[in-house]
Each structure stands twice: as structure tokens, then as C-alpha cells.
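The structure under discussion appears below in the form of C-alpha cells.
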Amino acid sequence: MEISSLPHVDEHTQVVAADAHAVWQSVGEVLDRSFSEGRLAGYARLVGCPDRTASGPRPLAEGSACPGFHVLSATPDRELVLVGRHYFSTYALVFRLDRAGPGRTRLRAETRARFPGPFGTLYRLLVIGTGGHALSVRRLLAAVRRRAENVG
């Protein structure tokens, strides 16, 4: 999948008072825990995601999967690219880590997605248009920040 071919949906940022290594580890742990919850696996089945269970290497690396996503690429302490698809969308969630000063890391989560056809349009309205997606991503980033700052 060519990430740049997917339309940009949004980007959220969190500055974390921890180094990139601690943030990287926290991203993997939080995503693995959050995405592997039972209800997300059920949702992945319902909407026809091919990735329906946690599998592959841990911590998250190329070849890892969790409900709704698989890891396309992982550059430790720098970038994690998750991709997925289902009946209504093809999407990517890209986490980027940048230095934000001494002992601080800027964590960005960029979403890119295509929503084809009338059902894709409706799905986009329900997920993106209601603000539910943005709320979920902000919660993930906040959980990563708390984890990294408490461990690092």
C-alpha cells in the first residue's frame, strides 16, 4: 500500500516529557493493549478487516498485526506505520516521533484514509464527521504520554 496515495484525514500531536526511546516503547505497549481488546476484535470482524487478531512479533514490528491493523514499517524511536482495510475504508495510521527539546519528544499521529462509494461516505460521516476518530486518537496519545512519563 502506498501511504501517500491515501487522502490526509487529520493529525494530532502530543509533547511528551520523555526521550524518544521511552515514547517508542510506550507507543507499542499502548497500541498493543488498546487494539487487542475484545470489542475491537469483534468490530474488526464485523466490518471485514483481514487483520482480526494480535499476531506476529512483539513489541510491534514489521509483520505484527492487531485487530484492524498490521505494521507496514517500524523504525524504532522514529516512525511506526500501521495500515488496514475493511468493507468501507482503506487507511493508515502513522506515528512519528521528533525531538522537542532536552528530554522531550513530539509524538504525532497522522491518519490517512479512502472511503469509497456511498457506504464509505456514510462510514466517514459516522466515524470522522462525529469527531469519534479524533477523540480516540487523542486518548491514545494521552495514554502514551502518561505511560512514557511514568516509566521514563
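The values are calculated or read from the model by the stated rules, or taken from the named source; none is laboratory data. A quick note: this is a predicted structure, and the numbers were derived from the prediction, not measured. Virtual Cβ from ideal backbone geometry, glycine too; neighbours counted across all protein chains shown. Ligands, DNA and RNA are stripped out before the accessible areas are found, and what is left, the full protein with its side chains, is counted by its heavy atoms. Shrake-Rupley method; radii C 1.70, N 1.55, O 1.52, S 1.80 Å.
Taking first residues from segment 136-152 that are over 15 Å from ALA22 (Cα atoms) and at pLDDT below 95 and partners that are among the acidic types (Asp, Glu) and surrounded by fewer than 20 Cβ atoms within 10 Å (Cβ to Cβ), no Cβ contact under 8 Å between residues at least 6 apart in sequence or on separate chains turns up.
Scanning segment 6-57 for residues that are among the aliphatic types (A, V, I, L, M), within 23 Å of ARG146 (Cα to Cα) and part of a loop (DSSP other than H, G, I, E, B) yields ALA17, ALA18. Of the residues making up segment 40-98, those that are of a type in the set (Ser, Thr, Tyr) and in contact with a Gly (Cβ under 8 Å, 6 or more places away or on another chain) are TYR43, SER64, TYR87, SER89, THR90, TYR91.
Scanning segment 97-119 for residues that are within 18 Å of GLY84 (Cα to Cα) and in contact with a strand residue (DSSP E or B) (Cβ under 6 Å, 6 or more places away or on another chain), we see that the one that is surrounded by the fewest Cβ atoms within 10 Å (Cβ to Cβ) is ARG114. Only one of the numbered conditions (1) open to solvent by 50 Å² or more (accessible area, probe 1.4 Å); (2) modelled with pLDDT of 95 or more; (3) charged (D, E, K, R); (4) closer than 23 Å to LEU135 by Cα is violated by ARG52, and that is (2). Scanning segment 20-46 for residues that are surrounded by fewer than 16 Cβ atoms within 10 Å (Cβ to Cβ), within 15 Å of SER136 (Cβ to Cβ) and of a type outside the set (Ser, Thr, Tyr) turns up ARG33, GLU37, ARG39.
Contact map, segment 26-41: first residue at negative phi, second residue among the hydrophobic types (A, V, I, L, M, F, W, C) and surrounded by fewer than 21 Cβ atoms within 10 Å (Cβ to Cβ), Cβ cut-off under 6 Å, separation 6 or more or different chains; pairs are VAL30/ALA143; SER36/ALA54. Residue-level check: of (1) assigned to a helix (DSSP H, G or I); (2) small (Gly, Ala, Ser); (3) open to solvent by 30 Å² or more (accessible area, probe 1.4 Å), SER73 misses just (1). Across segment 37-70, the number of residues qualifying as within 16 Å of PHE95 (Cβ to Cβ) and of a type in the set (Asp, Glu) comes to 1.
Would it be correct to say that LEU122 is open to solvent by 30 Å² or more (accessible area, probe 1.4 Å), farther than 20 Å from ALA22 by Cβ, of a type outside the set (Ser, Thr, Tyr) and modelled with pLDDT of 95 or more? Against the criterion (open to solvent by 30 Å² or more (accessible area, probe 1.4 Å), farther than 20 Å from ALA22 by Cβ, of a type outside the set (Ser, Thr, Tyr) and modelled with pLDDT of 95 or more), LEU122 qualifies. Taken over segment 126-152, residues that are under 24 Å from ALA113 (Cβ atoms) and either of a type in the set (Ser, Thr, Tyr) or not in a helix (DSSP H, G or I) (or both) amount to 3.
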